[in-house]
Amino acid sequence: MDVMRSRFLLFAVLALCAQRTVMANEQAFSDAAAREVFRRAEQLCNGDRGRLWGQSLCGPMMLVDPKSRQVIASQADAHGALKERGDVFTGQLPSDAIVANTAVDWSGTRWTQLLWPLPQDASRRSTLLAHEMFHRLQPALPIIAPAAGGNEHLDSLEGRYWLQLEWRALADALESTDAVAQHTAMTDALAFRAERYRRFPAAAQEEAALELNEGLAEYTGVFVGNPTPSTRIQAALHDLRAHVGDRSFVRSFAYATGPAYGLLLDQAAPGWRGDLAHQARDLGTRLAEVTQAPLQLDATTLGAAAARYDGPELHEAETLREQQRLAQLEHNRARFVTGPVVRLDLRNMRIQFDPNTMQPLPGQGMVYPAMRLSDIWGSLDVTDGALLQSDWKVVFVQAPASAEPPLEGPGWSLSLKPGWSLLPGTRKGDYVLKTNP
């Protein structure tokens, strides 16, 4: 994640990987367990030796228990907040510090931060380690990415349909051992992507922004975290299939496309990573250029290609989902736009959320079923929906029955710092956040 150049991408990734920390059996959060993680991270970055991106992935790492906010780190911090305990360093994150799988600047040091417990599966754990180590390094890399967008088209019927066809074709391309079959599947994937871009003119730039951020991070995780070409392909196939059930693809699609296109580019043009400093193009366009694959097919050929991946059945399923989505949009408009709301202006926000549950509300922003947000005025905990405005400057929740403490409403609670309070807004039933005179 390019955290220095894009606040939007920073906040998005703060929880993008949180879903991947679930494991079948709880592991004790201990110094010994942390040492094993640090040792594995060192093995991965030493095995890479800076070959993938021209710089070492090694660096400070901290593990955080999200419940207690306890920290076990691989080294001391610059400001001395952590205390040495044998060969690790321990401490406590303050209440206003975000805890997530991400790169974070804290106490004078830039860290790879990981939530405990990590995935139990060895491949997923190593992939996660390398993914987040890349995010710590990424601001120093000469990677050009376009301005981020909302990718709202990926919540529409046609956007989801053509994306899932692309995923299926990419999986076939990765699995194929026959050069002709692989080329056919790859051409199909690129054609499905091109059709999506044709239908949604802003899609190419919006998707490239996330693909050159999270997509490259997950590609790095897959490449560095898995030792052989075959295990990398299996990890990329896992990513292509793991996100099919996501409630929305707007923030998670690049986890699937990034590793797939990256591995195909490795085969077709091994030096492709060196070109990222010159042009902000999506990975599919890069692959089409080096393979000279046609970007668009005529309607008949495109329909035949879709049929190879069960397109008619997929379209039928997505049509049903679209009906449900439109009903949910009306419900969300009533909750956060036309109905009474609390308006919270954002000045220095930190946020945690699950990107797989986000619901675009066109023209307004994104609805987050759950989130934790902090700002100069206090903190907001959401368990049943909040609307974050498209420019990330305002968040709305449903208005409470009154503004008397405790401050809570339908699916949310608000903790304000001294000097702040809720006052009636301009519409009946609305509230706004104000500093006390």
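The values are calculated or read from the model by the stated rules, or taken from the named source; none is laboratory data. Because the structure is predicted, anything quoted here is derived from the model rather than measured. We place every Cβ from the backbone using ideal geometry, glycine too, and count neighbours over all the protein chains shown. Areas reflect the complete protein model, heavy atoms only, side chains present, ligands, DNA and RNA absent. Shrake-Rupley method; radii C 1.70, N 1.55, O 1.52, S 1.80 Å.
Scanning the range 35-55 for residues that are of a type in the set (S, T, N, Q) and open to solvent by less than 60 Å² (accessible area, probe 1.4 Å) turns up nothing.
Among the residues of the range 417-430, those identified as open to solvent by less than 40 Å² (accessible area, probe 1.4 Å) and closer than 13 Å to L344 by Cα are S421, L422, G425, D430. Taking the range 82-115 as the range and being assigned to a loop (DSSP other than H, G, I, E, B), touching a Gly at 6+ places or on another chain (Cβ under 9 Å) and within 16 Å of S30 (Cα to Cα) as the test, only L82 passes. Listed by first and then second residue, the pairs linking a residue in the range 149-176 that is farther than 29 Å from M366 by Cα and in contact (Cβ under 8 Å) with a residue 12 or more places away in the chain to a residue that is among the β-branched types (V, I, T) and open to solvent by 20 Å² or more (accessible area, probe 1.4 Å), with Cβ atoms under 8 Å apart and 6 or more places separating them unless they lie on different chains, are L174/I233; E175/I233.
Of all residues in the range 148-159, which are over 16 Å from the mean Cα position of the chain (by Cα) and open to solvent by 10 Å² or more (accessible area, probe 1.4 Å)?
Applying the first criterion (over 16 Å from the mean Cα position of the chain (by Cα)) to the range 148-159 yields 153, 156-159.
Within the range 148-159, H153, S156, L157, E158 qualify.
Suppose we keep only residues that are open to solvent by 50 Å² or more (accessible area, probe 1.4 Å) and of a type in the set (D, E, K, R) within the range 322-348. Which one would you say is farthest from D155 (Cα to Cα)?
R347
Taking the range 60-74 as the range and being outside any strand (DSSP E or B) and either of a type in the set (S, T, Y) or in contact with an Asp or Glu (Cβ under 7 Å, 6 or more places away or on another chain) (or both) as the test, the residues that pass are S68, S74.
Please state which one of F336, F396 is at pLDDT 95 or above, assigned to a helix (DSSP H, G or I) and out of contact with any Asp or Glu (no Cβ under 7 Å at 6 or more places or on another chain).
Answer to the selection: F336.
Of everything in the range 346-389 that is closer than 25 Å to L114 by Cβ and aromatic (F, W, Y), the residue that is modelled with the lowest pLDDT is F353.
Please go through the range 312-321 and give me each residue that is hydrophobic (A, V, I, L, M, F, W, C) and surrounded by 13 or more Cβ atoms within 10 Å (Cβ to Cβ), ordered by number. Walk me through how you get there before you give the answer.
Let us first name the residues in the range 312-321 that are hydrophobic (A, V, I, L, M, F, W, C), namely 314, 317, 320.
If the condition is that a residue be hydrophobic (A, V, I, L, M, F, W, C) and surrounded by 13 or more Cβ atoms within 10 Å (Cβ to Cβ), then L314, A317 are the ones that fit.
When D391, D384 are checked against the criterion of being out of contact with any His (no Cβ under 9 Å at 6 or more places or on another chain) and closer than 24 Å to V99 by Cβ, D384 stands alone in meeting it.
I'm checking my understanding of the structure. Among residues of the range 135-147 that are within 30 Å of Q92 (Cβ to Cβ) and over 16 Å from the mean Cα position of the chain (by Cα), which one is most open to solvent (accessible area, probe 1.4 Å)?
We begin by selecting, within the range 135-147, every residue within 30 Å of Q92 (Cβ to Cβ); these are 135-140.
Right, trim to over 16 Å from the mean Cα position of the chain (by Cα) and you get 137, 139-140.
Details: L137: 13, P139: 42, A140: 64 Å².
Taking the candidates together, the pick is A140.
Filtering the range 179-213 to residues that are of a type in the set (D, E, K, R) and buried (at least 17 other Cβ atoms within 10 Å of the Cβ) leaves D188, R193, E195, R196, E206, E207, E211.
So in the range 261-311, with the set limited to residues that are under 20 Å from Q205 (Cβ atoms), part of a helix (DSSP H, G or I) and of a type in the set (A, V, I, L, M), which one is most open to solvent (accessible area, probe 1.4 Å)? Talk me through it step by step, then tell me what you get.
In the first step, residues of the range 261-311 are kept if they are under 20 Å from Q205 (Cβ atoms); the result is 261-262, 265, 272, 275-289, 295-296.
Retained after the next criterion (residues that are part of a helix (DSSP H, G or I)): 261-262, 265, 272, 275-277, 283-289.
Keeping just the survivors that are of a type in the set (A, V, I, L, M) gives 265, 276-277, 283, 287-288.
Details: L265: 1, L276: 1, A277: 34, L283: 0, L287: 0, A288: 7 Å².
Among residues in the range 261-311 that are under 20 Å from Q205 (Cβ atoms), part of a helix (DSSP H, G or I) and of a type in the set (A, V, I, L, M), the one most open to solvent (accessible area, probe 1.4 Å) is A277.
Within the range 170-200, which residues are farther than 14 Å from L295 by Cα and of a type in the set (A, V, I, L, M, F, W, C)? Let's see the steps before the verdict.
The initial filter retains those residues of the range 170-200 that are farther than 14 Å from L295 by Cα, namely 170-182, 200.
Scanning the range 170-200 gives L170, A171, A173, L174, A179, V180, A181, F200.
Quick check, is A171 hydrophobic (A, V, I, L, M, F, W, C), at pLDDT 95 or above and over 20 Å from the mean Cα position of the chain (by Cα)? Yes; evaluated as a whole, the condition is true for this residue.
Taking the residues in the range 56-76 that are within 30 Å of Y219 (Cβ to Cβ) and open to solvent by 10 Å² or more (accessible area, probe 1.4 Å) as candidates, determine which candidate is farthest from the chain's Cα centre (by Cα). Even if it seems obvious, please write down each step before you answer.
Step one: filter the range 56-76 for residues within 30 Å of Y219 (Cβ to Cβ), giving 56-66, 71-75.
Filter once more, so that each one left must be open to solvent by 10 Å² or more (accessible area, probe 1.4 Å): 56, 58-60, 65-66, 74-75.
Working: S56: 23, C58: 22, G59: 22, P60: 22, D65: 21, P66: 19, S74: 25, Q75: 27 Å.
The extreme case among them is Q75.
With respect to being in contact (Cβ under 8 Å) with a residue 60 or more places away in the chain, in a loop (DSSP other than H, G, I, E, B) and among the charged types (D, E, K, R), D77 falls outside the description.
Could we say that H243 is at pLDDT below 95 and more than 21 Å from L165 (Cα to Cα) here? Criteria not met by H243. A single member of L154, L170, L137, L174 is part of a helix (DSSP H, G or I), of a type in the set (A, V, I, L, M) and more than 24 Å from R273 (Cα to Cα), and it is L154. Given the condition surrounded by 18 or more Cβ atoms within 10 Å (Cβ to Cβ), in contact with an Asp or Glu (Cβ under 9 Å, 6 or more places away or on another chain) and part of a loop (DSSP other than H, G, I, E, B), answer yes or no: does some residue in the range 116-134 qualify? Yes, because at least one residue in the range 116-134 is surrounded by 18 or more Cβ atoms within 10 Å (Cβ to Cβ), in contact with an Asp or Glu (Cβ under 9 Å, 6 or more places away or on another chain) and part of a loop (DSSP other than H, G, I, E, B). Within the range 390-401, the set of residues being within 22 Å of L423 (Cβ to Cβ), out of contact with any Leu (no Cβ under 6 Å at 6 or more places or on another chain) and open to solvent by less than 50 Å² (accessible area, probe 1.4 Å) comprises V394, V397, Q398, A399, P400.
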